[in-house]
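Right, one structure below, let's go through it.
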Amino acid sequence: RTCAATDTSLHLIRPYGFRLSEKEIRRAGMDYWETLDVHEYINYEDFCAQIKESHPASRIFLATTKGERLYTEVVYGPDDFIMLGNESRGIPEEILHAHPADCIRIPMWGSARSLNLANAAAIVLYEALRQQGFDGMRREPKAFRN
């Protein structure tokens, strides 16, 4: 839903712990699913190769609890990517180790291990969009119903 509400492309890198045909996945997106711009990749290497070709000026920020910089300390560009790992394991360690300067994190209180994946994605995405001035997004409120 967040991708649909923000006109953001969704890039999925295999393997992931679900099938896009599962009715639960489609129900989670409700009536938005058909409006999504979804891209699938065989693996991380395939993703990097295709992104380098289609978005050569883009950067990839890795959202992880291991990042040194806060997500608010980054200046996001319109073609940048925000990568999040799967719900249980996060982004693979070898990818994080290869790109430590691109790792960002969301601050949390106390002993919390991590946030829900959808919440983390929304938090970082909306910061990136805020920095872009919410370009092209509806900024006026919807009217109240009587």
Can you tell me which condition Phe134 does not meet? The list is (1) exposed (fewer than 12 other Cβ atoms within 10 Å of the Cβ); (2) free of Cβ contacts under 8 Å to residues at least 12 places away in the same chain; (3) not in a helix (DSSP H, G or I), and all the others hold. (1)
Does Leu125 satisfy the criteria of being under 22 Å from Tyr41 (Cα atoms), in contact with a strand residue (DSSP E or B) (Cβ under 7 Å, 6 or more places away or on another chain), open to solvent by less than 70 Å² (accessible area, probe 1.4 Å) and free of Cβ contacts under 8 Å to residues at least 40 places away in the same chain? no
Name the residue that is nearest to the chain's Cα centre (by Cα), counting only residues in the stretch 100-111 that are assigned to a loop (DSSP other than H, G, I, E, B) and surrounded by 10 or more Cβ atoms within 10 Å (Cβ to Cβ). Ile106
State which residue is surrounded by the fewest Cβ atoms within 10 Å (Cβ to Cβ) when the search covers only the stretch 75-99 and only residues that are under 13 Å from the mean Cα position of the chain (by Cα) and farther than 24 Å from Pro15 by Cβ. Asp79
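The values are calculated or read from the model by the stated rules, or taken from the named source; none is laboratory data. Small disclaimer: the values here were computed from a predicted structure and weren't measured. For neighbour counting, all protein chains shown are included, and Cβ atoms are generated from backbone atoms with ideal geometry for every residue, glycine included. The protein model used for the area step is the full one, side chains on, heavy atoms only, and it has no ligands, DNA or RNA in it. Shrake-Rupley method; radii C 1.70, N 1.55, O 1.52, S 1.80 Å.
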